[in-house]
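Below you'll find the structure, written out as structure tokens, and then a few comments.
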Amino acid sequence: MTDHNQQTNINKPVVGKLLLLVAMMFGFGYALVPLYDVFCEVTGLNGKTGDQVNLTSAPVVDGSRLVRVTFLASLNESMPWEFKPQQSFIEVYPGKPTTINYIAKNKSKESIIGQAVPSVAPGLAAAYFQKTECFCFTQQELKPGEEKLMPVTFIVDSELPQHMNEVILSYTFFTSTENNQVSQPEVALSLNQDHKL
Amino acid sequence: MNAVVEEHHDHDHKPTGIGRWLFSTNHKDIGSMYLWFAFTMFFVGGALALIIRAELFQPGMQIVEPEFFNQLTTLHGLIMVFGVIMPAFVGLANWQLPMMIGAPDMALPRMNNWSFWLLPAAFGLLLASLAMSIMGMGSAPNFGWTFYAPLSTTYGPDSTDYFIFSVHLMGISSVMGAINVVATIMNMRAPGMSYMKMPIFVWTWFITAYLLIAVMPVLAGVVTMMLTDRHFGTSFFDAAGGGDPVMFQHIFWFFGHPEVYIMILPAFGIISQIVPTFSRKPLFGYSSMVYATASIAFLSFIVWAHHMFTTGMPVAGELFFMYSTMLIAVPTGVKVFNWISTMWRGALTFETPMLFAIAFIFLFTMGGFTGLMLCIVPADFQYHDTYFVVAHFHYVLVTGAAFSIMAAVYYWLPKWTGNMYDETLGKWHFWLTCISANVLFFPMHFVGLAGMPRRIPDYALQFAEFNQIASIGAFVFGFSQLIFLYLVIKCVRGGKKATSEVWEGAQGLEFELPSPAPFHSYTTPPEVK
């Protein structure tokens, strides 16, 4: 009897601690999700661009070199839109705000809400690519047959390393809601904040 | 209460019939069930592999549809990893740990029962999806054992949910088994057995148990994310909702790389028990073995992205993961040199366990070298997702982990059954297995380097000869295992009586117990000097 109880007593703390470790590691698996986003944002790995940038002072323009910015557009397979940049590339001075347009057209017979997800290549350039305005900050709704200009204003930071003379900006449009659902600004806003587009 | 205690003290009492197995709390009975379960799954997973090799015997489509081929590769991988190698090692731990540390049983016998009986449920679910696929009711999981999103989320078949719950059950089972191992080793060692006097098999399992406790919950987390992505509107891996499919690979391989060491560290322990016995010398470099095992376990947490070099990682990341991966070769090399030094000038004999152990050392090292080739980033871009990778991990898992399990069974079977196994049949099994495994897996290096992709049911004409050789090897390998099955059954039923020492000069507490080992191992703890 006493043997049995002693055995149970010395096992309990070990099992308790190990179960706690199990719970922590399960939590850690989930913690990897925000950690991954933060890591990508801080380092600019993975080509994830940051949030909307508010300029407090006029940026320094580096007039000594030109950087070529190439624009790509793609659609998720279930997206019945047409989506393309108005120009395939532009050459800019680092530090100078530039606005270009993408054009999106809804080819289906239903209203569709879309969400564009940006990506910058090479990945390390993402940290130097700032957007002051972008159609990707909110969800976009297009009525059947509607065509819309989608502007994006960006600045290539003048700190961009010298060896990078070309940056590629690409957007993929996804259907973000069920097709007939009405756009809700709060949803768009919270999505934007939650996922650091 | 008193009545229960009375019954508990009645040591030789055990339920008879099916109840003995269903309600068992005995480490030997549970160990045997784990081993038979793994053996059964070995034939199931092997049968799937043989269908794959039959399809690949010739270019073009012969036997199965491409969709079904994908299900075969997926289930073959899942069954062999989670249903064969892992349960077999847990079975060996159950049988051996109490005997090797001088304990009567495992620390948590009831949990032990539960962790075994979850496994048939888990694999019942998984195999049900295959059965339904064969009967034409939808598809079994078809996204590879690595179940990358979005293949397993957006595009996963309905049976993916069977797979998810099956993985949950396997995870709970492994975690409970691991907790039991840690509690047993920490609390049940014989008086005088300090940590640095534990047999190496006990040490490697101690570290493996911690790896299991650390990463199985991460696996449970990732399949839960898949589940909520599929059904509850989350977007962990869906770019449309702000998620990232590449993140799936990071989380999966954060589990996945320690997982491959979970499948090899106990094997290192087994080889470190067998080689000294048949060299008639103590193990060379005991403490360096312990430290090497611990370093490998630590490094396994910081190398995961070497599985993902082609996902577009920046150069800095690739270099980090390349160098940290290369670093693992150092402690592993320490182990290989220690085994060779143990054999050096030993009085060697070559019984079947020793043959498997030597084959392990040689062939596992080859698998390790191809691993080093794969970790070199510029080379990996060519090798990635080719048969070279298939050759690499079959060398470390079949001629590595599976050979070590066979070696362990031959080594301890006389202790378990009280009978010597048939040495002639054992030699036949070894030579057929060893030669056919190389005929099977070695040509895969060549077709892989030449560019044949993995997980594809058809291939270009120039790969035909090597694939035919591999398929012939596969069938010889598969049917050779029937010799093993026959040998084990024959040994359980009778044979020449084994002494308590079993092998001349064998060291260790398990060889001080009579053969067959009594139902409760050490009812009074032995004194370890």
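The values are calculated or read from the model by the stated rules, or taken from the named source; none is laboratory data. Predicted, not measured: the structure shown is a model, and the values here were computed from it. For neighbour counting, all protein chains shown are included, and Cβ atoms are generated from backbone atoms with ideal geometry for every residue, glycine included.
Scanning region B:220-234 for residues that are among the aliphatic types (A, V, I, L, M) and at the interface with another protein chain (Cβ under 8 Å from one of its Cβ atoms) yields a count of 3. The residues on offer are B:F147, B:F163, B:F143, and the sole one that is at positive phi and buried (at least 19 other Cβ atoms within 10 Å of the Cβ) is B:F147.
Just to be sure, is B:F236 part of a helix (DSSP H, G or I) and aromatic (F, W, Y)? First the steps, then the outcome.
Numbers: part of a helix (DSSP H, G or I): no; aromatic (F, W, Y): yes.
In short, no.
In this structure, is B:F237 farther than 13 Å from B:Y148 by Cα, within 14 Å of chain A (Cβ to nearest Cβ) and crowded, with 20+ Cβ neighbours inside 10 Å? No, not satisfied.
The selection criterion, being within 19 Å of the chain's Cα centre (by Cα), without any contact (Cβ under 8 Å) to a residue 24 or more places away in the chain and closer than 30 Å to B:W36 by Cβ, does not hold for B:F393.
Are there helices (runs of 4 or more DSSP H) fully within region B:1-99 with at least 3 residues that are modelled with pLDDT of 95 or more and out of contact with any strand residue (DSSP E or B) (no Cβ under 8 Å at 6 or more places or on another chain)? List them.
Output list reads B:27-55, B:66-78.
For the residues B:M313, B:M289, B:M354, B:M322, the requirement of being assigned to a helix (DSSP H, G or I) and either within 19 Å of B:H257 (Cβ to Cβ) or of a type in the set (S, T, N, Q) (or both) singles out B:M322. Applying the condition of being closer than 14 Å to A:L169 by Cα and among the aromatic types (F, W, Y) to region A:124-152 and asking which residue is surrounded by the fewest Cβ atoms within 10 Å (Cβ to Cβ) yields A:Y128. Among the residues of region B:244-267, some residue qualifies, meaning at least one is within 11 Å of another protein chain (Cβ to nearest Cβ), modelled with pLDDT under 95 and either farther than 26 Å from A:Y36 by Cβ or assigned to a loop (DSSP other than H, G, I, E, B) (or both). Checked against (1) on the phi > 0 side of the Ramachandran plot; (2) touching a residue at least 60 places away in the same chain (Cβ under 8 Å), B:F68 passes all but a single condition, namely (1). Residues of region A:165-179 that are modelled with pLDDT under 85 and surrounded by 14 or more Cβ atoms within 10 Å (Cβ to Cβ): A:F174, A:T175, A:S176, A:T177. When region B:93-114 is filtered for residues that are under 30 Å from B:L48 (Cβ atoms) and surrounded by fewer than 24 Cβ atoms within 10 Å (Cβ to Cβ), the ones remaining, listed by number, are B:N113, B:W114. Considering every residue within region B:196-212, establish whether at least one is touching an Asp or Glu at 6+ places or on another chain (Cβ under 9 Å) and more than 13 Å from chain A (Cβ to nearest Cβ). Yes, region B:196-212 contains at least one residue that is touching an Asp or Glu at 6+ places or on another chain (Cβ under 9 Å) and more than 13 Å from chain A (Cβ to nearest Cβ).
Across region A:113-167, the number of residues qualifying as more than 12 Å from chain B (Cβ to nearest Cβ), out of contact with any helix residue (DSSP H, G or I) (no Cβ under 8 Å at 6 or more places or on another chain), more than 22 Å from A:F39 (Cβ to Cβ) and assigned to a strand (DSSP E or B) comes to 13.
Of the residues making up region B:330-379, those that are in contact (Cβ under 8 Å) with a residue 60 or more places away in the chain, closer than 30 Å to B:A316 by Cβ and among the β-branched types (V, I, T) are B:T370, B:V377. The requirement of being of a type outside the set (F, W, Y), within 16 Å of the chain's Cα centre (by Cα), closer than 24 Å to B:F362 by Cβ and more than 14 Å from chain A (Cβ to nearest Cβ) is not satisfied by B:M289.
May I ask you to say which residue of B:A38, B:A47, B:A54 is small (G, A, S) and crowded, with 20+ Cβ neighbours inside 10 Å? Going through B:A38, B:A47, B:A54 in turn, just one is small (G, A, S) and crowded, with 20+ Cβ neighbours inside 10 Å: B:A38. Checked against the criteria, B:V336 does not count as touching a Ser or Thr at 6+ places or on another chain (Cβ under 8 Å), part of a helix (DSSP H, G or I) and closer than 25 Å to B:F236 by Cβ.
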